[in-house]
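*Asks:* My structure is below; once you've seen it, I'll send some questions.
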Amino acid sequence: MFDVLKLRKMFPIYENHPDLVYLDTGATSLKPQCVLDKMNEYYQEYGVNIHRGVYHLSYLATNAYDEARQKCADFLNASFEEIVFKRNVSEALNFIALTYGEEYLQEGDVVITSELEHHSSILPWMKLCERKKASLRYVKLDSEGRITIDNFKKALDSKVKIVALTYVSNVLGYITPIKEIINLSHKIGAKVIVDAAQAVAHFKVDVKDLDADFLAFSSHKMMGPTGIGVLYGKKEILKKIQPLEYGGDMNDEVCLDSVTIKEIPYCFETGTPAIAEAIGLGRAIDLINELGYDNIKSHCESLKKYALEKLKDIEGITLYNPHCDLPILAFNINNVHPHDAATIFDEANVCLRAGHHCAQLITKWLKVLGTLRATFYIYNDYHDVDRFVESVKECVAFFKQFEGDNYE
Amino acid sequence: MNNIQNLYRQVIMDHYKNPRNKGLKGYPHVHLKNPSCGDDITIEANVVDGVIKEIRHNGSGCSICCSSASVLTEVLQGKTVEEAKEIIEKYFSLMKGEKITDEDVLEEALVYEGVSQFPARIKCATISWKALEKLLNGEQDEQ
Ligand SMILES: Cc1ncc(COP(=O)(O)O)c(C=O)c1O
């Protein structure tokens, strides 16, 4: 376990809210001072545009931006030109659907996805299929709500051209057996797009080892700033797709009625990018490396076990994923709407999420209106779990007072 | 009474579990949704000669949302459109925690006074009232 009290000193939000129990890392992580400092350093010391000026400061900015891209490449075991900066996972996945998808999906083709997905990993494909008269096929989930190899095989046939799946479910915390899915998909010539939004904060994601065709993550869920995310695409595939947007920086030579474009990845990034954010993301990657995935994993695993153990003894709640792989717990207080429950947690300064978590299909699959979701990360400790569990109990007890003969 | 007890008053939970005037009859209606939390409410009203003869509601959501639709029907049924609009305004002021004059006209809706302490829940408590306000202002959804 990390020494959490020491580690929290890195996160200035705790100074402003010493009593905070933050259990919503699944939505976005807290930001460490080192990331904020790195962004400030850019603004204060060399805050000028990149790839444009031939003066010293611009050289510094360009270098720092390139360095951040290289860090992202190393982070995923990819190469520099395979890293395209986008605003977030949502933009990255839309980009793939609107470029690769538009160019290569044909009428009658099939795109495989699942009910476990975040809306961002379904809707771009749903709309693309509508336009192309292709169809969207959902892998059947097993009784726990997992994507399994067996069920994936049943969904796979020669019509499948694209597979778009999440690496980790943001509601149930399951890790998808994505490496084997990619292997099976490649055998029939389908490309696989991996939504790694919930994965990168927790374990090493190696695109070479996975042999992923595309993969996306957002900086803000791994202690980096908002406003920047990464789209990884295999070099051979990126070279085959046309830019989605045209404008400054992405072009090579411009003539009166034609333009040649830059090489990858620059041809996919037009306009002044999120420079400070990219640099901040680079620092967040360094931090994850400094902390070490092994330590992050064992810390989160301990919290998960402890929380599951404590919840087991509480009557009056339903936990939907007692076998989650990561510390993402989805539950409800029986007969209490998640938004009513959330207010009780809020009063106790316990921040968790209530609702459908941008994943309405899994909420429907669970046959509920919504769920409460608590996610734990490195800055949480056993004390946070205790406070959380206390609030769960309080919530159960509070709403019990309204149950009685008078009520249905 | 602590804040939470003040928010979830017995009356509110009673209306939640035993809603009055629930179920639609086909009068002109307005449907409002809050997609981020799932509150989904339809309010319909039968207005005859400037008087609200009947209000019905249907939908789903949290206790604050569903109960406030039920309470609204009881408070505003029988009022003239003008009276109802004034009461709706007062209710919105109550949500903002503003001091209001003759609060008695709010009748049972006064139990929502505690909501002003919970800014995140104001949307829940006002969605049905906003739907009725739209309806009284002449907006209406297609049948
Ligand atoms: C699994 C998953 N995919 C995609 C997203 C979308 O990420 P973003 O909002 O950064 O685009 C999220 C986060 O909300 C997520 O958890």
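*Asks:* For segment A:319-338, give me each residue that is open to solvent by 10 Å² or more (accessible area, probe 1.4 Å) and over 16 Å from A:Val171 (Cβ atoms).
*Replies:* Residues satisfying the conditions are A:Asn334, A:Asn335, A:Val336, A:His337.
*Asks:* What number of residues within segment B:112-141 satisfy the criterion of being basic (Lys, Arg) and either within 14 Å of chain A (Cβ to nearest Cβ) or surrounded by 21 or more Cβ atoms within 10 Å (Cβ to Cβ) (or both)?
*Replies:* Of the residues in segment B:112-141, 2 are basic (Lys, Arg) and either within 14 Å of chain A (Cβ to nearest Cβ) or surrounded by 21 or more Cβ atoms within 10 Å (Cβ to Cβ) (or both).
*Asks:* Taking segment A:87-107 as the region of interest, how many residues are away from the ligand (no atom under 16 Å from the Cβ) and of a type in the set (A, V, I, L, M)?
*Replies:* Total meeting the criteria: 1.
*Asks:* Sticking with this one: Assess whether A:Ser121 counts as being within 14 Å of the ligand (Cβ to nearest atom) and touching a residue at least 12 places away in the same chain (Cβ under 8 Å).
*Replies:* On the way: within 14 Å of the ligand (Cβ to nearest atom): yes; touching a residue at least 12 places away in the same chain (Cβ under 8 Å): yes.
Answer is yes for this residue.
*Asks:* All but one of (1) over 12 Å from the mean Cα position of the chain (by Cα); (2) hydroxyl-bearing (Ser, Thr, Tyr); (3) within 26 Å of A:Thr343 (Cβ to Cβ) hold for B:Ser70, so report the exception by its number.
*Replies:* (1)
*Asks:* Given the criterion within 16 Å of the ligand (Cβ to nearest atom) and open to solvent by less than 40 Å² (accessible area, probe 1.4 Å), identify the matching residue among A:Gly292, A:Gly316, A:Gly282, A:Gly370.
*Replies:* It is A:Gly370.
*Asks:* Determine which single condition A:Gly227 fails, assuming it passes every other condition in (1) at pLDDT 95 or above; (2) surrounded by fewer than 24 Cβ atoms within 10 Å (Cβ to Cβ); (3) away from the ligand (no atom under 11 Å from the Cβ).
*Replies:* Only one criterion is unmet by A:Gly227, namely (3).
*Asks:* So which residues in segment A:230-242 are more than 23 Å from the chain's Cα centre (by Cα) and either crowded, with 19+ Cβ neighbours inside 10 Å or not assigned by TED's automatic domain parsing to the domain that holds A:Ala284 (or both), if there are any at all?
*Replies:* Once the filter is applied, which keeps residues that are more than 23 Å from the chain's Cα centre (by Cα) and either crowded, with 19+ Cβ neighbours inside 10 Å or not assigned by TED's automatic domain parsing to the domain that holds A:Ala284 (or both), segment A:230-242 yields only A:Ile241.
*Asks:* Within segment A:196-203, does at least one residue satisfy the condition of being at pLDDT 95 or above, within 16 Å of the ligand (Cβ to nearest atom) and either outside the structural domain of A:Thr99 (by TED's automatic domain parsing) or β-branched (Val, Ile, Thr) (or both)? Step through it out loud before you land on a result.
*Replies:* Filtering segment A:196-203 down to residues at pLDDT 95 or above leaves A:196-203.
From what's left, within 16 Å of the ligand (Cβ to nearest atom): A:196-203.
Still in the list and also either outside the structural domain of A:Thr99 (by TED's automatic domain parsing) or β-branched (Val, Ile, Thr) (or both): A:200.
Scanning segment A:196-203, I find at least one residue that is at pLDDT 95 or above, within 16 Å of the ligand (Cβ to nearest atom) and either outside the structural domain of A:Thr99 (by TED's automatic domain parsing) or β-branched (Val, Ile, Thr) (or both), so the answer is yes.
*Asks:* What number of residues within segment B:1-51 are in contact with a strand residue (DSSP E or B) (Cβ under 8 Å, 6 or more places away or on another chain) and within 14 Å of another protein chain (Cβ to nearest Cβ)?
*Replies:* Within segment B:1-51, the subset in contact with a strand residue (DSSP E or B) (Cβ under 8 Å, 6 or more places away or on another chain) is B:19, B:21-34, B:36-47, B:50-51.
Those left that are additionally within 14 Å of another protein chain (Cβ to nearest Cβ): B:19, B:22, B:33-34, B:36-41.
Adding up the residues that qualify gives 10.
*Asks:* Shifting gears a bit: Is at least one residue of segment A:62-74 open to solvent by 10 Å² or more (accessible area, probe 1.4 Å), under 22 Å from A:Leu210 (Cβ atoms) and within 16 Å of the ligand (Cβ to nearest atom)?
*Replies:* No; the residues of segment A:62-74 include none that is open to solvent by 10 Å² or more (accessible area, probe 1.4 Å), under 22 Å from A:Leu210 (Cβ atoms) and within 16 Å of the ligand (Cβ to nearest atom).
*Asks:* Scan B:Asn46, B:Asn58 and give me the residue that is among the polar types (S, T, N, Q), open to solvent by 10 Å² or more (accessible area, probe 1.4 Å) and under 17 Å from B:Asn18 (Cβ atoms).
*Replies:* From the options B:Asn46, B:Asn58, the qualifying one is B:Asn58.
*Asks:* Give A:Asp257, A:Asp252, A:Asp213 a once-over and let me know the one that is more than 26 Å from A:Cys34 (Cα to Cα), open to solvent by less than 40 Å² (accessible area, probe 1.4 Å) and acidic (Asp, Glu).
*Replies:* Numbers: A:Asp257 fails: open to solvent by less than 40 Å² (accessible area, probe 1.4 Å); A:Asp252 fails: open to solvent by less than 40 Å² (accessible area, probe 1.4 Å).
Of A:Asp257, A:Asp252, A:Asp213, the one residue that is more than 26 Å from A:Cys34 (Cα to Cα), open to solvent by less than 40 Å² (accessible area, probe 1.4 Å) and acidic (Asp, Glu) is A:Asp213.
*Asks:* Select, from A:Glu180, A:Glu115, the only residue that is away from the ligand (no atom under 16 Å from the Cβ) and either farther than 22 Å from A:Ser219 by Cβ or more than 14 Å from chain B (Cβ to nearest Cβ) (or both).
*Replies:* Residue meeting the stated conditions: A:Glu180.
*Asks:* Considering (1) in contact with a Ser or Thr (Cβ under 9 Å, 6 or more places away or on another chain); (2) surrounded by fewer than 22 Cβ atoms within 10 Å (Cβ to Cβ); (3) under 20 Å from A:Leu303 (Cα atoms), say which one A:Leu361 fails and leave the rest.
*Replies:* Status for A:Leu361: all satisfied but (3).
*Asks:* Of the residues that sit in segment A:333-382 and are closer than 23 Å to A:His202 by Cβ and of a type in the set (S, T, N, Q), which one is nearest to the other protein chains (Cβ to nearest Cβ)?
*Replies:* A:Thr363
The values are calculated or read from the model by the stated rules, or taken from the named source; none is laboratory data. Keep in mind that what you see is a predicted model, and the values were worked out from it rather than measured. Cβ atoms come from the backbone with ideal geometry, glycine included; neighbour counts cover every protein chain shown. Surface areas here come from the heavy atoms of the whole protein model, side chains and all, with no ligands, DNA or RNA. Shrake-Rupley method; radii C 1.70, N 1.55, O 1.52, S 1.80 Å.
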